[in-house]
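To keep things clear, I will list the structure first and then write my remarks on it.
The values are calculated or read from the model by the stated rules, or taken from the named source; none is laboratory data. What you are looking at is a predicted structure, and each value in this text was computed from that prediction instead of being measured. Ideal geometry is used to build each Cβ from the backbone, glycine not excepted, and the neighbour counts take in all protein chains shown. Accessible surface areas use protein heavy atoms only, side chains included; no ligands, DNA or RNA. Shrake-Rupley method; radii C 1.70, N 1.55, O 1.52, S 1.80 Å.
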Amino acid sequence: MGKFMKRIIVILTIVLLSANAFGEVESFLMSPKQMALGGTTLLHPFENIAFLKNPAIVSYTKQPNFYIAKLSFLSGANIGYLDKALNLSSYQLSSLWAGFDYSTLLINAMNDPYGIALNSDPEVGLFGPLCLGYVGNGIGIMLYDNSFSSIDVKQMPGLPYLVLKSFSEIGVTFGVSTYFSISKFYTLHTGISFSYYKRYKVPFDNGASISELMNYYEKTKSNIYEYDVSDSFSGNLGVILDDGKNLKYALTLENFFGRTFNWSKIRFTEGKEETLEYSYYQTYIPPSLNLGVIYHLPKIPYIPSFLLSDFMVELDLKDIINKEFWYKKISIGSEISVLKIIKLRGGINQGYPTFGLGIDAYYLTIDLAVYQYEKGILPGQQGSQSISLSVEIKI
């Protein structure tokens, strides 16, 4: 092997092993369906919009769809800590409509407001409402918006330090895919997609003191808004191998040429946008290599299909070259259809259980998920629990 090729291999290895060094947040492209299935995203052949992660799904799509609206909402926090601090388990479900006792909840919150702020780690995500596109017949195109925010309060000497990761962006993805037989039984689906994003974010994802936040807040009261803006490009490669029976395998390379952000500082006031600094810093999301396998049983033996059908189990290994702990890479999900249109889902994501329910009609899909993942480095260090809901109109 020549010196040039060795140098290329060394450079690629350094890039792939540097996933934790850059700190930029990936786009929020997960649906409640995928969250309920343990965060699996690579293979589900009936989730057309999953082509945003694996473009090979475009040629595998059984039922092409035009998308005219899709809204996915996520709200989460460290529910385990909040349950202990606010005694949430003492409230009856009926109290939500019979009259909620806000006074008791407020008293519990004021017992340790600093501890709640320090340990609750709230976050919110939104995909849509902009979602226009078509997926099917070897082509996928989607125009969408998505946003995500999370707050972590770090204990420091003196005043606490707050890390606010918050962005909103508009993206467009175009993908193509094809398939061909490689033997009597196996079919190979291959796809490639390219995406363009325009992202806006608050300038605090590296942390800010309370005084800096208060100064920022005072500016907003005077209708002065400052934020960072950048556009970026990315590309995904995807492969699905179908054995013609019940098993399918996937291999994807996300951000195969990386995703670079050159941030400019913007001030918006009196209806005018002013650029304060061009490209004053850079962030980067490195490539990610992922593997997946799914077992799909369309008809369950000895059980009528109108009762139970479409049993699936999927296992994903994500970002396998990254040096993170192995348990953070594993996602497992299972789904079964009841009466054809009701979907019962469950899974395990990074060691945490996930659950979900879906109603999938021809023109309308509603999905609900309870999703968990690990924000810390070690198992059980900083678990975050979320509830996610989506409504989708398709034609």
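Of the candidates Lys323, Lys318, the single residue that is in contact with a strand residue (DSSP E or B) (Cβ under 7 Å, 6 or more places away or on another chain) and open to solvent by 20 Å² or more (accessible area, probe 1.4 Å) is Lys318. Taking the range 259-278 as the range and being among the small types (Gly, Ala, Ser) and modelled with pLDDT of 90 or more as the test, only Ser264 passes. Considering the range 49-71, and only residues there that are open to solvent by less than 10 Å² (accessible area, probe 1.4 Å) and touching a Pro at 6+ places or on another chain (Cβ under 9 Å), the residue that is farthest from Pro129 (Cα to Cα) turns out to be Ile57. Screening Leu297, Leu291, Leu315, Leu307 for residues that are over 22 Å from Gly244 (Cβ atoms) and aliphatic (A, V, I, L, M) leaves exactly one candidate, Leu307. The residue pairs whose first member lies in the range 173-186 and is over 30 Å from Tyr197 (Cβ atoms), whose second member is of a type in the set (A, V, I, L, M, F, W, C) and open to solvent by less than 60 Å² (accessible area, probe 1.4 Å), and whose beta carbons are closer than 8 Å, counting only pairs six or more residues apart or on different chains, are Phe180/Leu188; Ser181/Leu188; Ile182/Leu188; Tyr186/Leu241. Of the residues Ile332, Ile366, Ile359, the single one that is closer than 18 Å to His296 by Cα, modelled with pLDDT of 90 or more and open to solvent by 30 Å² or more (accessible area, probe 1.4 Å) is Ile332.
If I ask for residues that are open to solvent by less than 50 Å² (accessible area, probe 1.4 Å) and under 22 Å from Phe28 (Cβ atoms), which ones from the range 275-296 would you list?
Thr283, Tyr284, Ile285, Pro286, Pro287, Ser288, Leu289, Asn290, Gly292
Only a single item in (1) under 21 Å from the mean Cα position of the chain (by Cα); (2) modelled with pLDDT under 90 is not met by Tyr281, and it is number (1). The helices (runs of 4 or more DSSP H) found wholly in the range 57-165 and carrying at least 2 residues that are in contact with a Leu (Cβ under 9 Å, 6 or more places away or on another chain) and at pLDDT below 85 occupy 79-86, 102-111, 113-119.
How about the range 191-212: which of its residues are touching a residue at least 24 places away in the same chain (Cβ under 8 Å), of a type outside the set (Lys, Arg) and either open to solvent by 40 Å² or more (accessible area, probe 1.4 Å) or in contact with a Lys or Arg (Cβ under 6 Å, 6 or more places away or on another chain) (or both)?
Residues satisfying the conditions are Ile192, Phe194, Tyr196, Tyr200, Pro203, Asp205, Asn206, Ile210, Ser211.
Comparison of Lys299, Lys272, Lys265 shows that the only residue that is in contact (Cβ under 8 Å) with a residue 12 or more places away in the chain, open to solvent by 50 Å² or more (accessible area, probe 1.4 Å) and more than 24 Å from Val176 (Cβ to Cβ) is Lys265. I'd like to check something: does the range 337-346 contain any residue that is among the small types (Gly, Ala, Ser) and surrounded by 14 or more Cβ atoms within 10 Å (Cβ to Cβ)? Checked against the condition, which is being among the small types (Gly, Ala, Ser) and surrounded by 14 or more Cβ atoms within 10 Å (Cβ to Cβ), the range 337-346 yields at least one hit. Within the range 277-302, no residue satisfies the criterion of being within 22 Å of Tyr249 (Cβ to Cβ), charged (D, E, K, R) and in a strand (DSSP E or B). Would you mind stating whether Phe256 is in contact (Cβ under 8 Å) with a residue 24 or more places away in the chain, more than 30 Å from Ile342 (Cβ to Cβ) and not in a strand (DSSP E or B)? Yes, satisfied.
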